[in-house]
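To keep things clear, I will list the structure first and then write my remarks on it.
The values are calculated or read from the model by the stated rules, or taken from the named source; none is laboratory data. For clarity, every value in this text was computed on a predicted model and none was experimentally measured. Glycine also receives a Cβ, built like all others from the backbone with ideal geometry; neighbour counts cover every protein chain displayed.
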Amino acid sequence: MATRRQAREWALQLLVQQDLNPSPQLDEVLESFWQQLREIERERYEDDDRIELVLNFESQDTVKAQAFAEAKEFAEERMRGVLQQLDDLDSKIEARLRNWSLYRLGTVERNVLRLGFWELENCPEIPQPIVINEYVDLAKFFSVTKSGRFVNGLLDSYARSLREKPAADKEEFNP
């Protein structure tokens, strides 16, 4: 069954694809991605009856179909959210880089940070340590182990600034 972790992986893959090969037809990109994902999984489990367990958004099992539909929606929400706020996210990331520019980062790290910053900012219902841990793990999995420390430092810095921001706003408001 698909998990939020899997959905974050899909969102990262989609963003890396869009970063390397930008396309204005986002709906077509998404449909192509989901179709390719289905084909890869079918090939992987060609002679195996477990294909229904792996990836089938149209499964007859409503629980599995619902889980995959939710994961797909979760991934697309993150991808679209990052793309809509791309300039703002990039400026926030770049502000935390010391003697480094955003486009000197690896494609994976850049997009992991974009996703992490977006989720920290737009999903307050998800605890910040969980968000940070998920994206650190993705950076280590899709890049090199050392990327995890780098991503952790930037995401933690941003999370702290978000926690401090409401307190600062309250102090300024003094009738």
Considering only residues that are free of Cβ contacts under 8 Å to residues at least 60 places away in the same chain and within 18 Å of residue 138 (Cβ to Cβ), which ones fall in segment 103-113?
105, 106, 109, 113
Take the residues in segment 97-151 that are surrounded by 20 or more Cβ atoms within 10 Å (Cβ to Cβ) and of a type in the set (Ser, Thr, Tyr); name whichever of them is nearest to residue 16 (Cα to Cα).
135
Considering every residue within segment 82-91, establish whether at least one is assigned by TED's automatic domain parsing to the domain that holds residue 139, surrounded by fewer than 16 Cβ atoms within 10 Å (Cβ to Cβ) and not in a helix (DSSP H, G or I).
no
Matching residues in segment 32-70 - criterion: being at pLDDT below 60 and in a helix (DSSP H, G or I):
51, 52, 53, 54
Residue that is surrounded by the most Cβ atoms within 10 Å (Cβ to Cβ) [pool: residues in segment 2-27 that are without any contact (Cβ under 8 Å) to a residue 60 or more places away in the chain and not in a helix (DSSP H, G or I)]:
23
One residue from 157, 91, 143 being within 30 Å of residue 28 (Cα to Cα), touching a residue at least 24 places away in the same chain (Cβ under 8 Å) and among the small types (Gly, Ala, Ser):
143
Given (1) modelled with pLDDT under 95; (2) in a helix (DSSP H, G or I); (3) polar (S, T, N, Q); (4) not assigned by TED's automatic domain parsing to the domain that holds residue 14, where does residue 133 come up short, assuming only one miss?
(1)
